[in-house]
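Here's the structure we're looking at; comments come further down.
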Amino acid sequence: MQRIAMIGFGEAARAFTSGWGARAREIAAHDLRAADPAMLQAAEAAGITCHPGPEAALSGAGIAFCLVTADQALAAAEAPRRRCRPACCGLTAIPARPAPSGARPR
């Protein structure tokens, strides 16, 4: 299995990875809240390492899923382009619900 990167490890990423079992060891995630104990606990429970920066999550990834809120979508979509190996395939999914209160779209 190719190494997989998850940019964002909130509800959507957790839903994507919940059924991957032992294959979760091939997944590295990045989330802006990576230092949050609840985020670390959720990642650890799934067998996934959650990094505070995208570089470590994207290093060597063949596939990158960008599953973030709308206000972070542009930066998340650009991250794999700058940091993945040349043949990396990326998928960006933006949730239907609005960005957090006070967030401004770019």
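The values are calculated or read from the model by the stated rules, or taken from the named source; none is laboratory data. Note that the structure is predicted; figures quoted are calculated from it, not measured. Cβ placement follows ideal geometry from the backbone for every residue including glycine, while neighbour counts extend to all protein chains displayed.
Annotations
- Pairs, first free of Cβ contacts under 8 Å to residues at least 40 places away in the same chain and surrounded by fewer than 19 Cβ atoms within 10 Å (Cβ to Cβ) in region 20-37, second among the hydroxyl-bearing types (Ser, Thr, Tyr) and in a helix (DSSP H, G or I), C-beta under 8 Å, six or more apart: 24/17
- Counted residues, region 1-36 - those being closer than 10 Å to residue 48 by Cα and polar (S, T, N, Q): 1
- Tally of residues being under 19 Å from residue 64 (Cβ atoms) and either in contact with a helix residue (DSSP H, G or I) (Cβ under 6 Å, 6 or more places away or on another chain) or without any contact (Cβ under 8 Å) to a residue 12 or more places away in the chain (or both) across region 38-47: 2
- Here is the figure for region 8-34: residues that are within 22 Å of residue 73 (Cβ to Cβ) and not basic (Lys, Arg) total 16.
- Conditions (1) at pLDDT below 75; (2) in contact with a Ser or Thr (Cβ under 9 Å, 6 or more places away or on another chain); (3) not polar (S, T, N, Q): number failed by residue 81: (2)
- The helices (runs of 4 or more DSSP H) falling completely within region 1-76 that include 1 or more residues that are within 10 Å of the chain's Cα centre (by Cα) and at pLDDT below 90 map to 11-17, 54-58.
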